[in-house]
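Taking it in order: structure first as C-alpha cells, then the write-up.
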Amino acid sequence: MATAATSRSVRRPDPNTLVIFGASGDLTSRKLIPALYQLLEAKLLPEHFAIVGFSRTEFTDHEFRDRMHEALKEHLDDFNEDVWKVFSEMLHYIPAGDHDEAAYRKLKQELKEFDTTHQSEGNRLFYLATPPEAYAEILELIGSSGMAKADEGWTRIVIEKPFGRDLESAIALDETLHTCFDESQIFRIDHYLGKETVQNLFVLRFANGIAEPVWNRRYVDSVQITVAEELGVEHRAQYYDSAGAIRDMLTNHLLQLLALTAMEPPVAFESNVIRDEKVKVLHALEHGSVEFVRGQYRDGTINRRKVPSYHDEPDVPADSRTETFVAVKCFVENWRWAGVPFFLRTGKRMKKRASEIVIQFKHAPFLPFQSTAVKKIEPNRYVIRIQPDEGAALMINAKVPGPGDMKIVNVPMTFDYDESFRVEAPEAYLRLLLDAMLGDATLFTRSDEVRRQWMFVEPLLSVWGDLERYPAGSWGPAGADELLERDGRSWHVP
Ligand code: BG6
C-alpha cells in the first residue's frame, strides 16, 4: 500500500540542518530517522539538507550511519538501498560529553560549514530527543555558544514531552527555554496531534454542516475519550515509574484530544487561532468538579499470553504505587458544554490497543413503537476511531428485518480509512518534522496550553490514597466502570 505522504501536495521546506540531541537513543532510531527517510522517499525533504547526530556515545560518522542503516531495516517494511545511499550522505555525528563546551563549539563550526557544503542557508532545527534531565544543560550550552539565534536564516527548537513534572517545573522549563528562544521558535511535540486521524477531527467537525448543530449540550449526553494500550512499560520502567499514567498520557495526549473535541470553530486554520481555541477549553476545565480513579495492573492474560504484574516488571520497585491506569470524569464549564460529562481513560496492559473518541447523544425524547420488544434502545454514538482501524462510525438504531414484532438494534454507519483512501496513514513524526521545518506550529502545543494542562492535573497528582488493581487484559479497575454507572452510563466497548 502506498503511504499517504506521497499523495500530499508538495510543501517543501527551506534548506536546513537538523541537529538531533540524543541521537544514540531509542526515539531517534525508532521514530525520527525512519520519518526523515520516508520524507526523503516522498520527496518532501528540502533540496539541501543535513542531519547531525549529537550525543554521548563515541560514534564516528561511519558508525552512526551503520547504526541508522540497521535501525531503518528493522523499523521499515519497504526499505530501499538506493534511497538509503542518498540518505546516508546527509548523516553526520558529533560525540559530546557532559558540559562539553568544546563539542558545542565544534557543532557551531560544522553548522557554518554545512551552510556552504550542504547549502543550508543558515537555517537550523534543533531537536531535543534526550531524557528531560538533560534539557537544561543543552539549552544553556546552545545559548552560551550563540547558536540560538542565527545571523542569517531561521533557528527553531523541537522539544519532546514531558514538559516538566508539575506546574512549577513546567514553568521553570519554559523560563529556561525562553532565555534563548522566542515562543515562535519553540515547537513542543505532542505526537498525538501528528496522527492523521486526530487531524481529521478538525475536518469531521468543521467541514460537515451536520456536525455543528448537534455538537453541544442540547444534543450531546456525554463524551468519552479512551486511549487503551496493550503494551506495558517495556524497557522504560525507570522513567514510567516516576511518571505514571497521569503525567505520561492524561496531561498531554488525552487533554489535547479533549480540547480538539470541545473547542469552538476556529475562524482560520492557523496555528495561533487553533491554539487560542484549545486554551479556552483547557481554561474552562479548571473549574470543573473532577472525579477520578487510579489503577495499577496485576498479572493477567492478553491475547492468550500471560503477562506479569506491574510490580514484577524489571526496574519497577515491588512497592510501587505508580498508576498505570487513570479514568477521569470532568466538565468543560462553558456555554457549549455546561453539564455534559467528559469521561477520559487511559491505561497500559488493557484488553486491546484502541484509541477513540465517542460522542454519545441524548435519547430520542419519545418512542412511538407499541411493541413490547422496544423498551430500551441504545443511544446514538458517534465513534471516532484514532487507532488502530482508523475511521468513524455513527451508531444508529435500525429495524431488524421481519414481519413479526418490531425489534430495534444499534448498527454502525461507517467510514473506514483503508476502504476510502487505500493508503496507509503516514507516521505522526513524519508530519510533525515536516511542519517544524516549514515553521507551521499548528500541531504543536503552546506554552499556555502546557500550563493549563498542568493546572488541571495537578490536584490529581497530589492524591496518593486509592490505587485499584486491575488484571492485565481487562478494561481497567471496577471503579472506572462505576464512575459512569453511577449516572446510568457505561463505557463504549472498542
Ligand atoms: C507516549 C507515552 O507519549 O505515548 C507512552 O510516553 C505511550 O507511554 C505512547 O506508550 C503511546 O503512543 P501511541 O502512538 O503508540 O499511541
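The values are calculated or read from the model by the stated rules, or taken from the named source; none is laboratory data. Source: prediction; values computed, not measured. Note that each Cβ is placed from the backbone with ideal geometry, even for glycine, and that neighbours are counted across all protein chains shown.
Out of SER309, SER355, one residue alone is polar (S, T, N, Q) and over 30 Å from ARG446 (Cβ atoms). It is SER309. One residue stands out among those in the stretch 356-392 that are among the small types (Gly, Ala, Ser) and touching a helix residue (DSSP H, G or I) at 6+ places or on another chain (Cβ under 8 Å): the one that is nearest to the ligand (Cβ to nearest atom), which is GLY391. Among the conditions (1) surrounded by 22 or more Cβ atoms within 10 Å (Cβ to Cβ); (2) outside any strand (DSSP E or B); (3) in contact with a Phe, Trp or Tyr (Cβ under 8 Å, 6 or more places away or on another chain), ASP435 misses just one, which is (1).
Just to be sure, is ASP26 surrounded by fewer than 18 Cβ atoms within 10 Å (Cβ to Cβ), within 26 Å of ARG236 (Cα to Cα) and modelled with pLDDT under 95? Yes, satisfied. Of the residues that make up the stretch 145-154, is at least one in contact with a Phe, Trp or Tyr (Cβ under 7 Å, 6 or more places away or on another chain), modelled with pLDDT under 95 and of a type in the set (Ser, Thr, Tyr)? Yes. When the stretch 11-36 is examined, which residues are found to be in a helix (DSSP H, G or I) and either under 12 Å from LEU434 (Cα atoms) or β-branched (Val, Ile, Thr) (or both)? Passing the criteria: THR28, LEU32, ILE33, ALA35, LEU36.
Within the stretch 143-201, the residues that satisfy the criterion of being of a type in the set (Gly, Ala, Ser) and either more than 16 Å from the ligand (Cβ to nearest atom) or in a helix (DSSP H, G or I) (or both) are GLY143, SER144, SER145, GLY146, ALA148, ALA150, GLY153, SER169, ALA170, ALA172, SER184, GLY194.
Annotation note: Cβ proximity below 6 Å between a residue of the stretch 228-239 that is closer than 26 Å to GLU356 by Cα and of a type outside the set (Phe, Trp, Tyr) and a residue that is assigned to a helix (DSSP H, G or I) and near the ligand (Cβ under 9 Å from one of its atoms) (sequence gap 6+ or interchain) occurs for VAL233/TYR240.
If the condition is being farther than 17 Å from VAL493 by Cβ and free of Cβ contacts under 8 Å to residues at least 40 places away in the same chain, then the stretch 384-407 contributes ILE396, ASN397, ALA398, LYS399, VAL400, PRO401, GLY402, PRO403, GLY404, ASP405, MET406, LYS407.
Yes/no per residue for (1) on the phi > 0 side of the Ramachandran plot; (2) touching a strand residue (DSSP E or B) at 6+ places or on another chain (Cβ under 6 Å):
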position	(1), (2)
ILE94	no, yes
PHE114	no, yes
GLU121	yes, no
GLU140	no, no
TRP154	no, no
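In the set SER222, SER242, SER271, only one residue is within 16 Å of the ligand (Cβ to nearest atom) and hydroxyl-bearing (Ser, Thr, Tyr); that residue is SER242. Checking each residue of the stretch 166-187 against the condition of being over 24 Å from the mean Cα position of the chain (by Cα) and among the aliphatic types (A, V, I, L, M) gives no match. In the stretch 157-174, of all residues being touching a strand residue (DSSP E or B) at 6+ places or on another chain (Cβ under 7 Å) and either in contact (Cβ under 8 Å) with a residue 40 or more places away in the chain or surrounded by fewer than 18 Cβ atoms within 10 Å (Cβ to Cβ) (or both), the one that is nearest to VAL463 (Cα to Cα) corresponds to PHE163.
Results for (1) within 15 Å of the ligand (Cβ to nearest atom); (2) at negative phi; (3) surrounded by fewer than 20 Cβ atoms within 10 Å (Cβ to Cβ); (4) in a strand (DSSP E or B), shown as yes or no for each residue.
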site	(1), (2), (3), (4)
ARG247	yes, yes, no, no
LEU254	yes, yes, no, no
GLU264	no, yes, yes, no
LYS280	no, yes, yes, no
ALA284	no, yes, no, no
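Residues in the stretch 360-390 that are at pLDDT 95 or above and of a type outside the set (D, E, K, R): GLN360, PHE361, ASN380, TYR382, VAL383, ILE384, ILE386. With respect to (1) more than 15 Å from the ligand (Cβ to nearest atom); (2) touching a residue at least 12 places away in the same chain (Cβ under 8 Å); (3) in a strand (DSSP E or B), the lone exception for LYS306 is condition (2).
Per the conditions (1) touching a residue at least 24 places away in the same chain (Cβ under 8 Å); (2) loosely packed, with under 15 Cβ neighbours inside 10 Å; (3) within 16 Å of the ligand (Cβ to nearest atom), the sole criterion not satisfied by GLU212 is (3).
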